[in-house]
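As structure tokens, the structure follows; a few thoughts come after it.
The values are calculated or read from the model by the stated rules, or taken from the named source; none is laboratory data. Computed from a prediction, not measured in an experiment: that's the story for all the values here. Counting neighbours? That spans all protein chains shown, and the Cβs are built from the backbone with ideal geometry, glycine included.
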Amino acid sequence: MSPERKRCVVVWSPPGGLLEVTVEVAGNATVSEVIAAARRQSQDETVPWESAPVGIFGELCDRHMRPRDGDRIELYRPLRIDPKAARRSRARRRVSG
């Protein structure tokens, strides 16, 4: 890969599936530009390309950030239940059950 180009993977995990799109973009492309390239390539309009929070390898980031070659850009969906509440609920069931 030349320094003028980079390859990134954009992922979205809807319930029951996984969309993974690998794109090659300019070396100075932002997260937003990488996502736009993935959108054009996938043409899947059910993905919240513009509205979903984004991160790189599990860390939230700004769409103006410049990812590095090989970065995994993730589009996050809202949680159905707060993780802390889910852990408390499981712990209560173990104790009482």
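Brief remarks follow.
- The residues on offer are Asp69, Asp44, Asp82, and the sole one that is at pLDDT below 95 and touching a strand residue (DSSP E or B) at 6+ places or on another chain (Cβ under 7 Å) is Asp44.
- Considering the stretch 12-38, the residues that are in a loop (DSSP other than H, G, I, E, B) and of a type outside the set (Gly, Ala, Ser) include one that is surrounded by the fewest Cβ atoms within 10 Å (Cβ to Cβ), namely Pro15.
- When the stretch 46-94 is filtered for residues that are in contact (Cβ under 8 Å) with a residue 40 or more places away in the chain and either surrounded by 13 or more Cβ atoms within 10 Å (Cβ to Cβ) or in contact with a Leu (Cβ under 8 Å, 6 or more places away or on another chain) (or both), the ones remaining, listed by number, are Ala52, Pro67, Asp69, Asp71, Arg72, Ile73, Glu74, Leu75, Arg77.
- Selection within the stretch 56-97 - assigned to a helix (DSSP H, G or I) and not small (Gly, Ala, Ser): Pro83, Lys84, Arg87, Arg88, Arg90, Arg92, Arg93, Arg94, Val95
- Looking across the stretch 4-40, the residues that are more than 16 Å from Pro67 (Cβ to Cβ) and free of Cβ contacts under 8 Å to residues at least 24 places away in the same chain come down to Pro15, Gly16, Gly17, Leu18, Arg40.
- Per-region count, the stretch 1-41, residues modelled with pLDDT under 95 and of a type in the set (Ser, Thr, Tyr): 2
- The stretch 1-46, residues that are β-branched (Val, Ile, Thr) and within 11 Å of the chain's Cα centre (by Cα): Val9, Val10, Val11, Val21, Val31, Ile35
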